[in-house]
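In what follows, a single structure is set out as structure tokens and then discussed.
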Amino acid sequence: MNKKSLIMRCDGPRLSRRAFLGALGLGGAALAGGLRAPRTVVAQTASAAASPSEPPPAFQAAARRALEGLLARLDPAAGHRPHFLLDLNGDSARLLHDDYWDSVDLGGRTIDALIRLRRIVGGAASDAELNLRNFFLAHQGSLGLFYGDGGDATAVADSFCQSRALLGLTTLVASTRDAEVETRLQWLVNGLAQIAVSNEDYSFFPGRAYRDGWLDYGLTKEEAYDHLDSYGYASQAALPLMEYFALAGYRPALDLAGRLLRHFIYHTGLVDADGHFAGETHAAGYLGMAIAAVRYGVATGDPTYVDWADRLYRWVQANSSQFGWVPGPLGLDAPYFARWYNAPLRRTCETCSVADMLNLAILLAAQGRPDYWDDVERFARNQLLQNQFGSATAVLSAEACKRVPPGVQQAVAGAWESFALPYRLLARPDNQRYVEGCCSGSGARALSLVWEHALEQRGPVLYVHVGLSRDGPLARVASHEPAAGRLDVVPHSATGLRLRVPSWAAPDSVTLWVNDTQRDARRDGGYVAVDEVPASSRVSLRYDLVERTETFTVNDETTLAHWRGGSVIAVDPDVGPAPIFRTRRDSQPPAAASRGTARPASVTRAP
């Protein structure tokens, strides 16, 4: 069947493209027209000069490294195929291809990530980015599914990878308005509906590999090595299906997402009434299905889906650190690690899981749970940024860096960790120093989501949900944490404001200043309310920072996280390879970075 004949009338509720792009974390700008015609994008960083006392924008720096790192993974000799693996074994670094994961999983993620990163850092989509899109689209085949590398007789459509293909296509359609890409996207949606096993009001995918039929039933407990159902591995396609429904109102996407969710929630028994489960938080789809459930519940007006996702979120939250170390495997025992890694049990944090938790927290916060904005800010300030390697020297000796090509060094600097302990990176259970490319795509996606949802204009009032330094069309925001409890907001047009007061602000210490004149700090729920101020007014929320020590134990190891306000300024133990938070420790006064046992909470006074 010709794929163009598969376009169906979009009869669901459509968002405006601007509203959808904002909801995706892409803002309102179209980033490129067509597959071969780049357009320059104005970054969300405006030209207004920052005050010399304002801290450097860590998010923009991380986004720049991520962009350069993802571009460095593209192989021009192979049609700009991405390298999935970064091998850091032996005090060296090299990029490696993986026939199973390169083209569809990492291809889709990278397209999604690069478009999002361009929204933050600006610039034109490069020829390499455009060539990647063409390389990726060439992997679409029978039934609209995306097939991995190999000959026509051996390439398979991995069921997890289809969800990453959906992510890349949806973001590409949102940014380019390309009718051919949207045709391909609908072809894939309809193909997935065709290969799903359906029964009454639900559907599921039984296996990992499809080629003219299912080649395995490994997602069912009957054929799974651990005799556990793993339906979420494939069913998390519901997440991008719901994103596409929000964009286009394409009813088949909503219908398939609903059928996958009903099977996962009501027919598998994988998640109990309290939100508890045993499995990989990301790879097995638990967090992805929860994200999809929130979107589906909102789209259909059924709050039971949102409540289900909230219970699951709280279960993962209870097993995570307050600074955002989110377990990849949760509730899995030693046989799992013996099977996959031939190694003893060691729970680690995958950046993909951190990104999923941030996505879920943002959605739930917007659905009447504003306390979760604290989680968003803490996770983003800490584990998300610390999971990025930042530089090649973080993991390689100075002598080794001389031997590593500059492009590979950029790939290292922009990469996000796949196996982090609460105090260091490179903690894969089998002690191999491999960094998987999926986390680099997810880390960039998480940056984008936090970036776009930190501020929200609701009619005449601008809400500042997340106090991270950034500049954009709405306002320039400067957070002075952890040096001081101060948040400066300079709106670019006249507006009222609501500034969220973080939970780590010392009680009764919050003050409001407008152009250096103190005003009454009037509360509106968890926010300080500010009546309309003119454009370019400097509105400051000032507060004392609580200092405390968090004790977090995983794998029978205890980590002490020393907090000042919403930022971890040091952790103990401080050992490698690739210890994290060390640069923050080195930049703090000795009293603020003291080591050892937990201290009683203390307060750093606002200026």
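Where a number appears in this text, it was derived from the coordinates with a stated rule and is not lab data. Predicted model only: the values in this text are computed from it and were never measured. Every residue, glycine among them, receives a Cβ derived from its backbone with ideal geometry; neighbour counts consider all protein chains shown.
Approximating the spin labels as points 7 Å out from Cα along Cα→Cβ, the Asp255-to-Ala138 distance works out to 3.5 nm. Net charge of the neighbourhood of Arg311, taken over other residues with C-beta under 11 Å away and scored Lys/Arg +1, Asp/Glu -1, is -3. Per-residue ellipticity at 222 nm from helix content only, as computed over the chain with -39500 (n - 2.57) for each DSSP H run of at least four residues, stands at -11000 deg cm²/dmol.
Does region 515-568 classify as rounded, prolate or oblate by the C-alpha gyration tensor (a ≥ b ≥ c root eigenvalues; a/c under 1.5 gives rounded; else a/b over b/c gives prolate, otherwise oblate)? It is prolate, given that a/c is not under 1.5 and a/b is the larger ratio. Computed from the C-beta positions of Ala77 and Glu557 and an R0 of 35 Å, the FRET efficiency is 0.25 to the nearest 0.05. Between region 504-574 and region 393-467, the alpha-carbon centres lie 24 Å apart.
Cα centroid distance between region 348-385 and region 56-130, in Å? Region 348-385 and region 56-130 have Cα centres separated by 23 Å. Distances between placed amide hydrogens fall under 5 Å for Cys349 paired with Gly328, Ala420, Leu421, all partners being 5 or more residues away or on another chain.
How would you classify region 455-542 from its alpha-carbon gyration tensor, with a ≥ b ≥ c the square roots of the eigenvalues: rounded for a/c under 1.5, else prolate if a/b is greater than b/c, otherwise oblate? Since a/c stays below 1.5, the shape of region 455-542 is classed as rounded. Think of the chain as having a plus end and a minus end, set by charges on the Cβ of Lys, Arg, Asp and Glu; of Phe419, Leu330, Leu345, Phe419 sits farthest toward the positive end of this dipole.
Overall, the chain carries a charge dipole of about 1600 debye about its Cα centre when +1 sits on the Cβ of Lys and Arg and -1 on the Cβ of Asp and Glu, all other atoms neutral. For every other residue with a beta carbon closer than 10 angstrom to the beta carbon of His263, add +1 if it is Lys or Arg and -1 if Asp or Glu, then tell me the sum. Cβ neighbours under 10 Å give a net charge of 0.
When only alpha carbons are used to place a centre, region 228-248 and region 274-313 end up 11 Å from one another. When region 62-211 is described by a simple charge dipole with +1 on each Lys and Arg Cβ and -1 on each Asp and Glu Cβ, the residue from Ala72, Ile120, Ser163 located farthest towards its positive end is Ile120. Charged neighbours of Val376, selected by a Cβ distance under 13 Å, balance to -3 (K, R count +1; D, E count -1). Ranking Phe59, Trp563, Thr549 by how far each Cα lies toward the positive end of the dipole of the chain (charges on Cβ) leaves Phe59 at the top.
Membrane-span-like helices in the chain (whole DSSP H runs, Cα extent of at least 18 Å along the helix axis, mean Kyte-Doolittle hydropathy of at least -1.0): 58-72, 107-121, 159-176, 179-195, 251-266, 286-300, 303-318, 351-366, 437-453.
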